[in-house]
Amino acid sequence: MAKTSVEIDMEKLDKVRGILGTESIRETISAAFREVIRMAAVHDLVALGESGAFSFLLEPGAEERMWG
């Protein structure tokens, strides 16, 4: 892990702490990074669904074919 020095807007940090329920700066930054990564994964999953990638699940017998 890299160690760096940055200026942080403390008002924004406090807002993010409140949203994420974190206490330390390090914990808040780590949680914020995790949340952004999670949101990107959800966005990708939604895009897959919108593209029809899971439409086969609506076909009759899909569950039986998947689980045997």
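Values quoted throughout were computed directly from the atomic coordinates according to the rules given, and no laboratory measurement underlies them. Treat the numbers as computed from the prediction; the structure is a model and nothing was measured. As a convention, Cβ positions derive from the backbone with ideal geometry for all residues, glycine included, and neighbour counts pool all protein chains shown.
A few notes on this one:
- THR22 surrounded by 10 or more Cβ atoms within 10 Å (Cβ to Cβ) and part of a loop (DSSP other than H, G, I, E, B): yes
- Between ALA47, ALA32, the distinction of being out of contact with any Ser or Thr (no Cβ under 7 Å at 6 or more places or on another chain), in a helix (DSSP H, G or I) and loosely packed, with under 11 Cβ neighbours inside 10 Å belongs to ALA47 only.
- Test: residue in segment 56-67 that is in a loop (DSSP other than H, G, I, E, B) and either touching a Gly at 6+ places or on another chain (Cβ under 8 Å) or at positive phi (or both): yes
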